[in-house]
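Every read-out reported here was derived from the displayed coordinates using simple, explicitly stated rules and does not represent laboratory data. For clarity, every value in this text was computed on a predicted model and none was experimentally measured. Glycine also receives a Cβ, built like all others from the backbone with ideal geometry; neighbour counts cover every protein chain displayed.
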Amino acid sequence: MRYRKDHKQQTNQRILRAAGRLFRRQGYAATGVDAVMSSAQLTAGGFYSHFRSKEDLLAETLDAVFRDVNTDRPPELSRLQGHAWLSAFTGFYLSAAHRDAAERGCPMPALAAEVARVGGRSREVFEQHLRRVFDFIAQQFDQPHADRTQAISTTAMFAGAVLLARAVSDETFSQEILNACREAAMAAIDESSKKGGRAEMLE
């Protein structure tokens, strides 16, 4: 049977999409290669024609998930920037919907701890994308003078809030965590916006 020239690439993408869903939903350590291949509707025996190891799969999956994460975010975010984007993103990220959709959500709260344990290339890929996240959010806080410190603390709070909200079984407690962090983030965004306005007036 002859395959199209892009058959292997398409199959590779199917595996990455399946791994991205499973790793985020049930964890990297708890997900075997067989489960990933079955989710991709492929036989387990074909795995090593695409990836050298499960660790190699994690690294490529992280890269793919970080690059594709915008596809599962509200479309209006792509039309916003600056403090308007930060406010809308905060409402989305620190929501029950994002908390409950780990398989489609941000890879940071879902996989950061496992990346730290696995190390190697996966850690390098994670770090590269995390730096880009910090740079992007810093620009939204203050576009003329990117606020990297604010971006790092905000990103850490976002990821930590979702991680903790997913870890508890009490729905009221989980929502309390999200609400508290959302209020703190909104207050920081509002203060940053006021500072930006005062700076423009002085200029």
HN-Hα couplings for the stretch 43-51 via Karplus (6.51, -1.76, 1.60; θ = phi - 60°), in whole Hz with x for Gly/Pro, come out as 7, 4, x, x, 4, 7, 7, 10, 9
Helix 82-93 against the longest principal axis of the chain: what's the angle in degrees, Cα atoms only, rounded to the nearest 10? 50 degrees
Of A35, A97, A113, which is farthest towards the positive pole of the chain's charge dipole, taken about the Cα centre with +1 and -1 on the beta-carbons of Lys, Arg and Asp, Glu respectively? A35
For Kirkwood radius over Cα pairs in Å, calculated from these coordinates, the label among [x] 20.2; [y] 18.5; [z] 17.5: [y]
Dividing the alpha-carbon radius of gyration of the stretch 58-138 by 2.2 N^0.38 Å (N being the number of residues), what value is obtained? 1.13
Between F51 and residues 5 or more places away or on another chain, which pairs have amide H atoms under 5 Å apart, with H built 1.01 Å from N, and which residues are they? none
Once you charge only the Cβ atoms, +1 for Lys and Arg and -1 for Asp and Glu, what is the size of the charge dipole of the stretch 1-66 about its Cα centre, to the nearest 20 debye? 300 debye
Could you work out how far helix 54-68 tilts from the main Cα principal axis of the chain, as a 0 to 90 degree angle to the nearest 10? 40 degrees
Under 14 Å from the Cβ of M37, count the other residues' Cβ atoms, weight Lys and Arg +1, Asp and Glu -1, and hand me the total. +3
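Where does the charge balance sit around Q139 when Lys and Arg score +1, Asp and Glu -1, over other residues with C-beta under 12 Å from its C-beta? Could the numbers behind the result be given before it?
Details: positive: R132, R148; negative: D135, D142, D147.
So the surrounding residues net to -1.
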Helix-only mean residue ellipticity at 222 nm, the chain, DSSP H runs n ≥ 4 weighted -39,500 (n - 2.57), per residue, nearest 500. What is it? -23500 deg cm²/dmol
Rel. contact order, % - alpha carbon contacts under 8 angstrom, at least six apart, the stretch 56-203: 29 percent
For K8, go through the lysines and keep the ones whose alpha-carbon is under 26 Å away, minus same-chain ones fewer than eight residues off. K54
Taking every pair of alpha-carbon atoms in the stretch 113-171, what share in percent sits in each 5 Å bin, from 0 to the bin with the longest distance? 4, 17, 18, 19, 19, 12, 8, 2, 0
Rounded Å value of the spacing that divides the Cα centres of the stretch 58-137 and the stretch 13-49: 20 Å
